[in-house]
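Trainee: Got a structure for you, questions after.
Here, each number is a calculation from the coordinates, and none is a lab measurement. Model, not experiment: these values are computed from the prediction. FYI the Cβ positions are ideal-geometry reconstructions off the backbone, even for glycines, and counts take in every protein chain you see.
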Amino acid sequence: MDRIAITGGTPLKGEIAIAGAKNSALKLMVASLLTDQPLELENVPAVADVTALVRILEELGVVATAQAGCMRLDAGSIASTVAPYDLVRKMRASVLVLGPLLARCRQARVSLPGGCAIGTRPVDLHIHGLEALGAEIVLDQGYLVGHARGGLVGADIRFPQVSVGATEHVMMAATLARGVTVLRNVAREPEIVDLARCLVAMGARIEGAGGEAIRIEGVERLGGARHRVIPDRIETGTYIMAAAATDGELELLDTSLDHLGAAVDALERSGVAVEATNRGIRVRRANGRLAAVDAATAPYPGFPTDLQAQMMALMTTARGESHLEENIFENRFMHVPELMRMGADIQVHGGSAIVNGVARLRGAPVMATDLRASVCLVLAGLIAEGETVVNRVYHLDRGYERLVEKLGACGALIERQSGSA
Ligand code: EPZ
């Protein structure tokens, strides 16, 4: 298993090109199942989760070709409606193929993804949403087996809890349902707006994405489209924090502050200066040591859970006491013991962490069990004295395109080493 070795203490200087959003690209790729015409996606990030999803789509009969960030997905004929356990368990988001397969083929057999490191993460909201559209879904040997014999039918659905995946899943399925679907208490993440835009370009009738309710008027068929994936707001936020943490100065290209919601506000309060440029964003510290700030994760436009771990790395050496609250996932503080091994002063009480800023972190061998926790340790390694070795690099590969190269080009002393963990 590869690992990343970092010698901390160098301010990052230079520019980093931000990739397309992983969490948008994955859903857009799934949308290709809704049509027999090719879907062309530009700005698809070269990350392992995308590769994993390509394998699942290929299993279903989709012909995928990719060149320089542009991916062409042709689901002209669906060869299989079964998404097997071995492929689905590698990436939870692949359960989203269920709805599109039901909408187009009226049947599907998709492995239930199971738990993951950041919590149990059920998919009940997805299933209830599809059932409300008339699908019959049963669990058989770990598989969700769905039928929509007469086709899906539009419905008025209020989600009991805001869910990004369930909103996207049911929205996709409803594009081909008979009649009108209204989804209420939906997630409002930029990735949902991006998916809706692409579906509309494919011929879907969708209004209200990004707001509190989404109205979908079902159509008989969808066609092909060409669509550009939005910039990755979480990668953007991660590199903003990397620049600020190391007291460096970075220009982040092909991105903007538009989708960063409450994160920008928290960073500015902490003393991070971010400004829009004509190529993207410039970031540096406003003046000296950062100040501790509080942040509580919430659905968009609140502070994103996917930046909570990185924010904690930043707060480890900020002046004062920071309270960070995790409200989306029940087990998303796995980075805490690892940061403490590097000298951070953190106390966790349930879903809240109190971080007391220390003067410095010290390098250590560390490992994490999910993507954002791993990148948090990379940030900690960039500011720590001495060497930090981050094990289990495959977590980072899932969602950060060429992380070592991007940071290395800005002066970080960082190296990927092959070997066992
Ligand atoms: C998406 O996950 C993202 N993943 C996550 O990104 C992100 O952390 C999350 O949204 C929140 O922003 C992708 O887009 C692929 P949810 P998703 O459904 O859709 C509970 C990353 O690091 N819930 O909004 O799975 C759930 O357990 C990741 O890139 C149910 O109870 O998140 C959680 O507590 C990880 N039943 C809450 O809702 C359900 O049926 C919100 O989850 C569905 C969700």
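Trainee: When a footprinting reagent is the concern and you count Cβ atoms within 10 Å, what order do HIS349, HIS227, HIS126 take, fewest first?
Mentor: Fewest-to-most Cβ neighbours within 10 Å comes out as HIS349, HIS227, HIS126.
Trainee: Let me ask you something else. Roughly how many debye, to the nearest 20, is the charge dipole of the stretch 177-229 about its Cα centre, given +1 on each Lys and Arg Cβ, -1 on each Asp and Glu Cβ, and no other charges?
Mentor: For the stretch 177-229, the charge dipole is close to 160 debye.
Trainee: For LYS13, give me every one of the lysines with a C-alpha distance below 29 angstrom, ignoring sequence neighbours fewer than eight places off in its own chain.
Mentor: Partners within reach: LYS22, LYS406.
Trainee: Assuming 0.36 nm per residue, please report the length gained on full extension of the stretch ASP124 to ASN356 beyond their Cα-Cα distance.
Mentor: 79.7 nm is the gain from fully extending ASP124 to ASN356.
Trainee: Would you mind computing, in nm to one decimal, how far apart the modelled labels at ALA276 and ARG106 are, each placed 7 Å from Cα along Cα→Cβ?
Mentor: 4.9
Trainee: Using a 10 Å cut-off around each Cβ, can you sort HIS259, HIS335, HIS323 from fewest to most neighbouring Cβ atoms?
Mentor: HIS323, HIS259, HIS335
Trainee: Which one, LEU361, GLY408, LEU379, is farthest towards the positive end of the dipole of the stretch 308-421 when Lys and Arg carry +1 and Asp and Glu -1 on their Cβ?
Mentor: GLY408
Trainee: Right, next: What is the extension gain from ASN327 to CYS116, computed as 0.36 nm multiplied by their sequence separation minus the C-alpha to C-alpha distance, in nm to one decimal?
Mentor: 74.3 nm
Trainee: Just name one of GLY223, LEU12, HIS395: the one whose Cα is farthest towards the positive end of the charge dipole of the chain (beta-carbon charges, Lys/Arg +1, Asp/Glu -1).
Mentor: With unit charges placed on the Cβ atoms, the residue in question is GLY223.
Trainee: May I pose another question? Assuming 0.36 nm per residue, please report the length gained on full extension of the stretch GLU131 to GLU58 beyond their Cα-Cα distance.
Mentor: Stretched fully, the GLU131-GLU58 segment lengthens by 23.6 nm.
Trainee: Another question, if that's okay. With labels modelled as points extended 7 Å from the Cα through the Cβ direction, what inter-label distance (nm, one decimal) is found for GLN417 paired with ARG178?
Mentor: Placing both labels 7 Å along Cα→Cβ, they lie 6.4 nm apart.
Trainee: Treat every Asp and Glu Cβ in the stretch 205-320 as -1 and every Lys and Arg Cβ as +1, leave all other atoms uncharged, and give the resulting dipole magnitude about the Cα centre to the nearest 20 debye.
Mentor: Roughly 160 debye for the stretch 205-320.
Trainee: Taking the Cα centroid of the stretch 186-264 and of the stretch 274-330, what is the distance between the two, rounded to the nearest whole Å?
Mentor: The stretch 186-264 and the stretch 274-330 have Cα centres separated by 19 Å.
Trainee: Right, next: Report, in deg cm²/dmol and to the nearest 500, the calculated mean residue ellipticity at 222 nm for the chain, where each DSSP H run with n ≥ 4 adds -39500 (n - 2.57) and the sum is divided by the residue count.
Mentor: -8500 deg cm²/dmol
Trainee: Can you compute the charge dipole magnitude of the chain about its Cα centre, using +1 on each Lys and Arg Cβ and -1 on each Asp and Glu Cβ, nothing else charged? Give it in debye, rounded to the nearest 20.
Mentor: 260
Trainee: Just to confirm the number: angle between the C-alpha axis of helix 371-383 and the first principal axis of the chain, 0 to 90 degrees, nearest 10?
Mentor: Tilt relative to the chain: about 20 degrees.
Trainee: Return the FRET efficiency for the residue pair THR65, ASP86: r is the Cβ-Cβ distance, R0 is 22 Å, and the value is rounded to the nearest 0.05.
Mentor: Efficiency, from the Cβ-Cβ distance: 0.40.
Trainee: Scanning the chain for GluC sites (Glu not before Pro) in DSSP loops with at most 16 other Cβ atoms within 10 Å, what's the longest stretch left with none?
Mentor: Here the longest run is 1-211.
Trainee: For the stretch 39-97 and the stretch 103-148, write down the distance between their C-alpha centroids in whole Å.
Mentor: Rounded to whole Å, the Cα centres lie 18 Å apart.
Trainee: Moving to a separate point now. How high is the relative contact order of the stretch 201-334? Use alpha-carbon pairs under 8 Å, at least six apart in sequence, and give a whole percent.
Mentor: The normalised contact order for the stretch 201-334 reaches 19 percent.
Trainee: Using the Cα gyration tensor of the stretch 85-208, with a ≥ b ≥ c the square roots of its eigenvalues, what is the shape: rounded (a/c below 1.5), prolate (a/b larger than b/c) or oblate (neither)?
Mentor: The shape class here is oblate.
Trainee: Checking the a/c ratio against 1.5 first, then a/b against b/c, what shape does the Cα gyration tensor give for the stretch 272-421?
Mentor: Judged from the Cα gyration tensor, the stretch 272-421 comes out rounded (a/c under 1.5).
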